[in-house]
Amino acid sequence: MSDTAAMPNPLALFSKAANHVSELLAGVRQSQVDDATPCSEWDVHGLVNHMIGVLEFTGGSIAGDPPANIRLTEADSSYLAERDIAVLAQAHRALVDRIVQSAGEPGALERIVATPAFGDMPVSQILVGTLLDQFVHGWDLAKATGQDTTLDSELVEFAFPMLQSGFAEQGRTMGFIGPAIAVSDGASRQDQMIAYMGRQP
């Protein structure tokens, strides 16, 4: 089997990761928007805005109209002034649906598109970066709001090696991912991944 054939479909994985975030957002109470998260610089409101901003960047890039003013490493989106968690949850859902539709068109995953932050790249590569962001920050959101932090095992097995391949170290260099945390030899793959991303499992 070729490497291409063995590679999971990034759109399917993105959908799974983003749908999980949508489910978590539905469980966030309005009273929790100012609560702290494992991302020490962001409260729940900031974390959600970051995830929405990344989706706006991804959806815009795929559509050929990327938002040039979105700061991908910040709590930034066009919904930054919005405090209603229900409105933010609806915005997240609509952006996910837009990405799934546009990236699911014939030949879309192989198409090369321009991004303001990373130059030209295939849609499949943008989706991988976006699903990693949604996946890890989904854990942050669950942890911050007292929800189930169990992650999908298929996504863990895909995401952990990808994060180890350079994504995490690039983030550490840029200052938005903390040092890896040591865990016991018997730690689960999920806990190993979370600790590698600078979070206490």
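Of note:
- Checklist (1) assigned to a helix (DSSP H, G or I); (2) of a type in the set (S, T, N, Q); (3) in contact (Cβ under 8 Å) with a residue 24 or more places away in the chain applied to Ser31, failing item: (3)
- Residues being of a type outside the set (Val, Ile, Thr) and surrounded by 19 or more Cβ atoms within 10 Å (Cβ to Cβ) - total across the stretch 108-128: 1
- Options Ile62, Ile70, Ile52; residue that is crowded, with 19+ Cβ neighbours inside 10 Å, within 27 Å of Leu109 (Cα to Cα) and modelled with pLDDT under 90: Ile70
- A search for C-beta distances below 7 Å between a residue of the stretch 155-170 that is outside the structural domain of Gly138 (by TED's automatic domain parsing) and in contact (Cβ under 8 Å) with a residue 40 or more places away in the chain and any residue that is in a helix (DSSP H, G or I) and surrounded by fewer than 19 Cβ atoms within 10 Å (Cβ to Cβ), counting only pairs 6+ apart in sequence or on different chains, returns Leu155/Lys16.
- Sole exception among (1) under 27 Å from Val44 (Cβ atoms); (2) outside the structural domain of Pro66 (by TED's automatic domain parsing); (3) part of a loop (DSSP other than H, G, I, E, B) for Ala117, by number: (2)
- Hits in the stretch 48-88 (condition: assigned to a loop (DSSP other than H, G, I, E, B) and acidic (Asp, Glu)): Asp65, Glu74, Asp76, Glu82, Asp84
- Here Val87 passes the criteria (1) out of contact with any Pro (no Cβ under 7 Å at 6 or more places or on another chain); (2) within 16 Å of Phe57 (Cβ to Cβ) except the one numbered (2).
- Single residue of Asp152, Asp191 found to be out of contact with any helix residue (DSSP H, G or I) (no Cβ under 9 Å at 6 or more places or on another chain), over 15 Å from Thr73 (Cα atoms) and of a type in the set (D, E, K, R): Asp191
- On inspection, Met193 passes the criterion of being among the aliphatic types (A, V, I, L, M), buried (at least 19 other Cβ atoms within 10 Å of the Cβ) and under 22 Å from Phe14 (Cβ atoms).
- Any hit, the stretch 8-16, residues being modelled with pLDDT under 90 and either in contact with a helix residue (DSSP H, G or I) (Cβ under 7 Å, 6 or more places away or on another chain) or surrounded by 20 or more Cβ atoms within 10 Å (Cβ to Cβ) (or both): yes
- Val87 β-branched (Val, Ile, Thr), at pLDDT 95 or above and buried (at least 18 other Cβ atoms within 10 Å of the Cβ): no
- Total residues in the stretch 90-122, condition among the hydrophobic types (A, V, I, L, M, F, W, C) and either more than 17 Å from the chain's Cα centre (by Cα) or at pLDDT below 95 (or both): 8
The values are calculated or read from the model by the stated rules, or taken from the named source; none is laboratory data. Since we're looking at a predicted model, the values are computed, not measured. Here Cβ is always computed from backbone atoms with ideal geometry, including for glycine, and neighbour counts include all displayed protein chains.
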